[in-house]
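See structure below.
The values are calculated or read from the model by the stated rules, or taken from the named source; none is laboratory data. For clarity, every value in this text was computed on a predicted model and none was experimentally measured. With ideal geometry, Cβ positions are generated from the backbone for all residues, glycine too; neighbour counts draw on all protein chains shown.
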C-alpha cells in the first residue's frame, strides 16, 4: 500500500518496515520520509515502523488549493494513515512541523496514541514572535515560488539551527540538502504559507496540555534556540511529559545524533510499552524551592 487516500481525496505516500507495535513518523518542513531513515532502520528491528510524506511532498499529492493545507489537516493526515492501515493505536513521533502535528494529534485523538514524541517543536510558537513568524513564513513562501525550491533550499538548509548538522556530519548534511532541493516548489510554498505560517501559537493551549495524559517525550537540541523556551513551556504544562536536551545540537537532532536520539527514544517507548511511564508526582509541582512547609 504505497499510497493511502485521505477523506478529502489527497493521496499520501506511505512506507513500512518491520513488525510489532506500530510507530509512525511525521517529518519536518525541510525533510521527508528519507529524513527518518536512521530511525526506521533501527526501530524496524522491534516495531512496525511507518513513515509518510506530508501532502505537498511527492510522491504524495501536491494540491494546488491552499485550503487543502493547514495545521488541522496535517494532524488529520496522521489519523488517515492509521485508519487506512487498520491501526487502532500507535506511538506518534514528529520532528518540528511533524512535532506540532503530533501534539495536536494528542489534543484531538488521545485514544489513538500510545505515546507522543515532540522533537524540535517550537518555531513561531511563542506569542511574542507569532506575528513575526507568520510574516516571515509568507515572505519565505513567496521567495520559494519566485526562486524555486531547488534554489531556495541552498539558503534554508544552512540556517542557524542547521549549521550544527553541517559541522558534525558534512556528508549527512549534504544528503539532507540534496533531498530538500528536490522538493516540490508549489508544495513547499503552500506548506510554508498554510501549515507553518497559519498554525496557532502553542501558548494558546495550556489547558489542553494540562489535560493531556498520553505519555509524552519532548526532545530538543540545546542550540535550537526557537524551541528551547517552548520545550520548557510544554514540560511545565504536560503532566505526562519528560524533557531531554541533546548537547551541542541544532534542529535536526534525529539526523545529527542518531545513536543518542534512538537510545533516548527507544528507552521512552520501552517504558511506555511496559506500562512504566508515570504521571508527574504532584508534590514536585510547587513554587517552593527547598521544601513544602505543610508537608
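List the pairs whose first member sits in region 173-185 and is closer than 13 Å to residue 38 by Cβ, whose second member is assigned to a loop (DSSP other than H, G, I, E, B), and whose Cβ atoms are under 8 Å apart, counting only residues at least 6 apart or on separate chains?
Pairs that qualify, where the first residue is closer than 13 Å to residue 38 by Cβ and the partner is assigned to a loop (DSSP other than H, G, I, E, B), are 176/30; 176/31; 176/157; 176/252.
Scan 243, 202, 212 and give me the residue that is within 30 Å of residue 152 (Cα to Cα) and either within 16 Å of the chain's Cα centre (by Cα) or buried (at least 21 other Cβ atoms within 10 Å of the Cβ) (or both).
202 is the lone residue from the list that is within 30 Å of residue 152 (Cα to Cα) and either within 16 Å of the chain's Cα centre (by Cα) or buried (at least 21 other Cβ atoms within 10 Å of the Cβ) (or both).
If a residue must be assigned to a helix (DSSP H, G or I) and under 22 Å from residue 199 (Cα atoms), how many such residues does region 154-179 contain?
Here the count works out to 1.
For residue 190, state whether it is touching a residue at least 40 places away in the same chain (Cβ under 8 Å), within 30 Å of residue 272 (Cα to Cα) and either crowded, with 23+ Cβ neighbours inside 10 Å or out of contact with any helix residue (DSSP H, G or I) (no Cβ under 7 Å at 6 or more places or on another chain) (or both).
Against the criterion (touching a residue at least 40 places away in the same chain (Cβ under 8 Å), within 30 Å of residue 272 (Cα to Cα) and either crowded, with 23+ Cβ neighbours inside 10 Å or out of contact with any helix residue (DSSP H, G or I) (no Cβ under 7 Å at 6 or more places or on another chain) (or both)), residue 190 does not qualify.
Here are 41, 45: which of them is at pLDDT 95 or above, within 21 Å of residue 2 (Cβ to Cβ) and surrounded by fewer than 22 Cβ atoms within 10 Å (Cβ to Cβ)?
41
Yes or no: region 114-129 includes at least one residue that is out of contact with any strand residue (DSSP E or B) (no Cβ under 9 Å at 6 or more places or on another chain) and in a helix (DSSP H, G or I).
no
Which residues, taken from region 53-102, are closer than 24 Å to residue 262 by Cα, within 16 Å of the chain's Cα centre (by Cα) and not in a helix (DSSP H, G or I)?
53, 54, 90, 91, 92, 93, 94, 95, 96 - these are the residues of region 53-102 that are closer than 24 Å to residue 262 by Cα, within 16 Å of the chain's Cα centre (by Cα) and not in a helix (DSSP H, G or I).
Are any of the residues in region 279-291 in contact (Cβ under 8 Å) with a residue 12 or more places away in the chain, out of contact with any strand residue (DSSP E or B) (no Cβ under 9 Å at 6 or more places or on another chain) and closer than 23 Å to residue 33 by Cβ?
Taking every residue of region 279-291 in turn, none turns out to be in contact (Cβ under 8 Å) with a residue 12 or more places away in the chain, out of contact with any strand residue (DSSP E or B) (no Cβ under 9 Å at 6 or more places or on another chain) and closer than 23 Å to residue 33 by Cβ.
Go over the candidates 178, 184 one by one and state the one that is surrounded by 15 or more Cβ atoms within 10 Å (Cβ to Cβ), modelled with pLDDT of 95 or more and more than 17 Å from residue 250 (Cβ to Cβ).
184
Tally the residues that are modelled with pLDDT of 95 or more and either assigned to a helix (DSSP H, G or I) or surrounded by fewer than 16 Cβ atoms within 10 Å (Cβ to Cβ) (or both), restricting the search to region 246-285.
25
Return the total of residues in region 8-52 being over 19 Å from the mean Cα position of the chain (by Cα), within 24 Å of residue 192 (Cβ to Cβ) and either assigned to a helix (DSSP H, G or I) or touching a residue at least 12 places away in the same chain (Cβ under 8 Å) (or both).
Within region 8-52, residues that are over 19 Å from the mean Cα position of the chain (by Cα), within 24 Å of residue 192 (Cβ to Cβ) and either assigned to a helix (DSSP H, G or I) or touching a residue at least 12 places away in the same chain (Cβ under 8 Å) (or both) number 3.
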